[in-house]
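Data block below; observations after.
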Amino acid sequence: MRANERQTLTPQEAAERYGLSVGTLANLRCNKQGPRFYKVGRKCLYRISEFETWLYSQPVKTIDSVEA
């Protein structure tokens, strides 16, 4: 990781980067679900590594992905 590379995302940045809606992320936070987030004053931040861990831990098994 480069020294000037950010390690966190705002909800808006996370929504744009991963194709989710800002409202969905807000609903998940409100219901204490979804990826871990951090409050800094009024600002909400997601660590990229934790967001991706949560995102990729939600696979949907399809007929083709299940081994026979």
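Things to note:
- Hey, Glu5 closer than 16 Å to Glu52 by Cβ, open to solvent by 70 Å² or more (accessible area, probe 1.4 Å) and not in a helix (DSSP H, G or I) or not: yes
- Test set (1) part of a loop (DSSP other than H, G, I, E, B); (2) open to solvent by less than 70 Å² (accessible area, probe 1.4 Å); (3) not charged (D, E, K, R) - Ala14 fails condition number: (1)
- Some residue of the range 58-66 being open to solvent by less than 90 Å² (accessible area, probe 1.4 Å) and at pLDDT 95 or above: no
- Filter pass, Lys32 being open to solvent by 60 Å² or more (accessible area, probe 1.4 Å) and assigned to a strand (DSSP E or B): no
- Filtering the range 35-47 to residues that are under 10 Å from Leu9 (Cα atoms) and either open to solvent by less than 30 Å² (accessible area, probe 1.4 Å) or in contact with a Ser or Thr (Cβ under 7 Å, 6 or more places away or on another chain) (or both) leaves Cys44, Leu45, Tyr46, Arg47.
- Subset tally (residues that are hydroxyl-bearing (Ser, Thr, Tyr) and free of Cβ contacts under 8 Å to residues at least 12 places away in the same chain) for the range 23-52: 1
- Counting residues in the range 48-55 that are open to solvent by less than 70 Å² (accessible area, probe 1.4 Å) and part of a strand (DSSP E or B) gives zero.
The values are calculated or read from the model by the stated rules, or taken from the named source; none is laboratory data. Because the structure is predicted, anything quoted here is derived from the model rather than measured. Methodologically, a virtual Cβ is constructed for each residue, glycine included, from the backbone with ideal geometry; neighbour enumeration extends over all protein chains shown. Remember, those area values only see protein heavy atoms, side chains included, never the ligands or the DNA or RNA. Shrake-Rupley method; radii C 1.70, N 1.55, O 1.52, S 1.80 Å.
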